[in-house]
1. As I understand it, the value is the acute angle between the Cα axis of helix 352-362 and the longest principal axis of the Cα atoms of the chain; what does it come to in degrees, rounded to 10?
2. Please rank E181, E101, E326, fewest neighbouring Cβ atoms within 10 Å first, as an exposure proxy.
3. Along the positive direction of the dipole of the chain (beta-carbon charges: Lys, Arg +1; Asp, Glu -1; about the Cα centre), which of N162, I253, V99 reaches farthest?
4. Which listed residue (L323, T377, S4) has the Cα farthest towards the positive end of the charge dipole for the chain, taking +1 on Lys and Arg C-beta and -1 on Asp and Glu C-beta about the Cα centre?
5. Report the one residue of G111, S124, A420 whose Cα lies farthest in the direction of the positive end of the charge dipole of the chain (charges on C-beta: Lys and Arg +1, Asp and Glu -1; origin at the Cα centre).
6. Return the aspartates and glutamates within reach of K54: Cα separation strictly under 19 angstrom, same-chain partners fewer than 8 residues apart disregarded; answer none if there are no such residues.
7. For the chain, what is the calculated [θ] at 222 nm in deg cm²/dmol (nearest 500), taking -39500 (n - 2.57) for each run of four or more DSSP H residues and dividing by its residue count?
8. Of K432/K458; K234/K453; K63/K324; K432/K461; K427/K453, which ones are farther than 23 Å apart at the Cα?
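Every number in this text was worked out from the coordinates using simple rules, so none of it is lab data. Only a predicted model underlies this, so the values are computations on that prediction, with no experimental measurement involved. Don't worry about glycine lacking a Cβ; one is built from the backbone with ideal geometry, like all the others, and counts go over all protein chains shown.
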Amino acid sequence: MENSFIIDNLLEQQEGTRLEFKATVNKEAIAKTIAAFINTQGGDLVIGIEDNKKIVGVENAEKLCAAIQKMLVEFIQPIAPIFTQVINYKKKDLILISVWEGAKKPYQYKGKIFTRENDATKLSSVSNLTSLIKDRKDADFHWERRTVLGSSLQDLDTEEINQTIALYKAYKPNSAVEDAEDFLIQMGLIQNGNLTNACVVLFGKKPTRFIPQSKIRITIYPSTVTGDNFLNDKTFDGCIFQNITAILNFIEISFGKNIVVDGILRKEKLNYPLLAVREGLLNAMVHRDYNSVNGFLQISIFSDRTEIANYGGLPAGITIKDLKKEHSSILRNPDIAQICFVRKYIEMLGSGTLRMISDCKKNGFRMPVWTDKDNVTTVTFPDLSIKTKATKGVNEGVNEGVKKVHFKAESEGVNEELNAIYAVIEKTPGLKAPAIASVLGVSLSTAERYIKKLKDAKHIKFVGVPKTGGYFIK
């Protein structure tokens, strides 16, 4: 069953600081334990499993899960990412609740502060409370909370902020958010009237203007090594959400898809493990070390593998071996992670690497391999490659093997752009103009102008309604 591998992994562990099993639903006990997890090291609570690990399940699990989520979000303060889900395991429904260690300690449940000591949840002692307050002060001096000189609200993408506010209100319905500025203050993204580094990375119109190391580079090489000879080399310098969309579009175009015949049905099958690659990208973006001006996030596609490398080694206490099992989520950038959670880019906590492994196995790809060397964490997808010949131009790798279109009245440069767009549509039918523009690195207006030429010449057509349709070869 989907996500049952997470329960398998948790059952291999013993209850302790980060794990608790509960046979029945006791909302008070659950809330105290979750608050304690957030104040300590984060953790997982599974409902429907006895202390001896016997699976008993939960009746009306979906309804109870929603009620528990609502209660936790309402009564644990300040707000923290709390993920709840129902997992069917061996024909019984279980409720899994996962949380990170909080960055705004101490967290309270109904005015009381709880911490975790081994496998017990306890009211915080005076010494523990002092330690929690110190953690909070230390977090306020973290890179994310430092302010960006010369920046203002005008440097932020209002549309991205408004989308986030809408999702935040859905997550916490009783929240009182007056406007964008008020929201950013509540989330700690404005400090003393100034935008923070995290705020600019998340919502900046052009984050690299203030934080040049926030850019992301993708290079496609024709061989197994780096060098000056490459098929494509592209830099993404938007806010974190724009980069995620643009990079995933670029990857889809680059790897493409195949048509698979299943009986009388024709189905599209991606040539890469989408969920695993997406998770690898998100992990790198959320956990990278933005503090260093020499920091980087590099995606390299070779003839025999694909690598995602980001500056910032694994957190202290986490090893490569830990990545292959349920492990603690030690956040380098908790403010960025929290907003990504609100935006639903982070769907589950502490199990991203497990899902990468599961997705690769499910789709017939080899398991990803992680390395941690010289303060650089790299995930490698073996055999995930683009088989094509080396060329000089950026667009030629995309154009290879694709029908050429030619407009006599147009210059050679314009014809090259028209063919690049035609090639993108032929390799990945159904894309809209913004996706095509982001893949080729041109403005939306430029892409739309060339698309119109191709459409007027009856080389391509738009199929479907504006909201869900896309361009196809005619």
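1. On a 0 to 90 degree scale, this one is about 50.
2. Taking fewest neighbouring Cβ atoms as first place, the list is E181, E101, E326.
3. I253
4. Farthest towards the positive pole: S4.
5. About the Cα centre, the residue reaching furthest to the positive side is A420.
6. D8, E12, E15, E20, D44, D93, D119
7. -11000 deg cm²/dmol
8. Going by Cα-Cα distance, K234/K453; K63/K324 fall outside the 23 Å limit.
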